[in-house]
1. So what does the Cα-only Debye profile of segment 142-207 read at q = 0.16 Å⁻¹, as log10 I(q)/I(0), no solvent term?
2. Which FRET efficiency, nearest 0.05, do Val196 and Asn293 yield, Cβ-Cβ r, R0 41 Å?
3. Segment 184-252 to segment 286-312: how many Å between their Cα centroids?
4. In what order do Cys257, Cys300, Cys99 fall by count of nearby beta-carbon atoms within 10 Å, going from fewest to most?
5. Starting from the 7 Å offset along Cα-to-Cβ, what nm value, one decimal, do you get for the label separation of Leu32 and Ser273?
6. Multiplying the sequence separation of Arg216 and Tyr120 by 0.36 nm and subtracting their Cα-Cα distance, what value in nm do you get?
7. State the Cα centre-to-centre distance between segment 90-136 and segment 154-179 in whole Å.
8. Working out 0.36 nm times the residue gap between Met261 and Glu152, then minus their Cα-Cα distance, what length gain in nm do you get to one decimal?
Amino acid sequence: VSEHSNEELPARILDNSKPSLRPVNEGAEKWLYRPISCLNHGFVYLVDYMGNDEAIAQAARVSYGAGTKKVQTDADLIRHLLRHTHTGPFEMVEFKFHCKMPIFVARQWIRHRMASVNEYSGRYSEMLDEFYLPEPEVIRKQSVVNRQGRAEELTREQQETVLRILKAEFTSQYNSYKELLRMDVAKELARIGLSVANYTQWYWKIDLHNLMHFLRLRLHLHLDSRAQHEIQVYGKAMARIVGSAVPIAYLAFLDYCLNAMSLSALDIAFIQSRDWPQSEEQVREELVARFNNKRERDECLQKLRWLSLVRS
Ligand SMILES: Cc1cc2nc3c(=O)[nH]c(=O)nc-3n(C[C@H](O)[C@H](O)[C@H](O)COP(=O)(O)OP(=O)(O)OC[C@H]3O[C@@H](n4cnc5c(N)ncnc54)[C@H](O)[C@@H]3O)c2cc1C
């Protein structure tokens, strides 16, 4: 986390003379204009926000009636809402981030359509000589079990070779880009030789409901297909800010979404049909009889392991 100097803050923010009736969220305020570094050149910081935990409860009480205030605390109400997927009230809280990320991360990120985006224009502005170079420990082999994932580490020597190849490639790409600009080629064309490791940036505004959906998909460790490490880094950065801004909703999110798992009807029927715990070998055999699909079998076994129902 780095502090922005006061000179970088917009003048309106330094002008405290205009009081507002809007609720001030202290947990969000402390993250305004404080970038969290992500990867080698990227960052995420909060530009603006609306609402707090109370805003979620307040919106819910419009539908449930003020009477709920007496019988349920805000925390009880917020947790109840999330447990029962009553997500409308979570849309009352909004976050606006400034994010800088490699283009390949942006491509995954942009798939989350329920957000508003305004991106840096490589047609208008010069692309910077900033490319993503992975930390050596995340340079790994292709996984054979998960075609969308990484497996064990390469040797230190191999990692250094990968970094040397990438650095040479990026230098060459950027030199060519500059050469095209010197020839007065339009920026929108000159950039096309730059790779998806080059950095872009955008303003990203999203409500809490959709941000939790993003965080679940990009940070959930129990899902079979995990999100790529590089986008997880950004998810973790935003999760820190959300945890500070709406601590009650965030805790409910951890309990009922991020660290929760779902059981299919087939999983439940299988669990109900025998006594537990059982040996992994035995369970594997019985799963074959129950699930035709290997992937589904593996996923069920994984859930049974998390539930400590199988002995290895
Ligand atoms: C691990 C992982 C791997 C992935 N791999 C790939 C891949 O290989 N290729 C690929 O193309 N994508 C891939 N994706 C992207 C994925 O398919 C989703 O597009 C992305 O996660 C955004 O989810 P979403 O549509 O639910 O979110 P949002 O776009 O934010 O939408 C939120 C919700 O709004 C509703 N919604 C939004 N737009 C529509 C619409 N047009 N029609 C109907 N309902 C809508 C849906 O209910 C949706 O869940 C991957 C995602 C993850 C997490």
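1. For segment 142-207 at q = 0.16 Å⁻¹, log10 I(q)/I(0) is -0.80.
2. 0.75
3. Segment 184-252 and segment 286-312 have Cα centres spaced 31 Å from each other.
4. Arranged by neighbour count, lowest to highest, Cys257, Cys300, Cys99 become Cys257, Cys300, Cys99.
5. 5.9 nm
6. 31.9 nm
7. Centre-to-centre distance over Cα atoms comes out at 23 Å.
8. 36.6 nm
Where a number appears in this text, it was derived from the coordinates with a stated rule and is not lab data. Model, not experiment: these values are computed from the prediction. With ideal geometry, Cβ positions are generated from the backbone for all residues, glycine too; neighbour counts draw on all protein chains shown.
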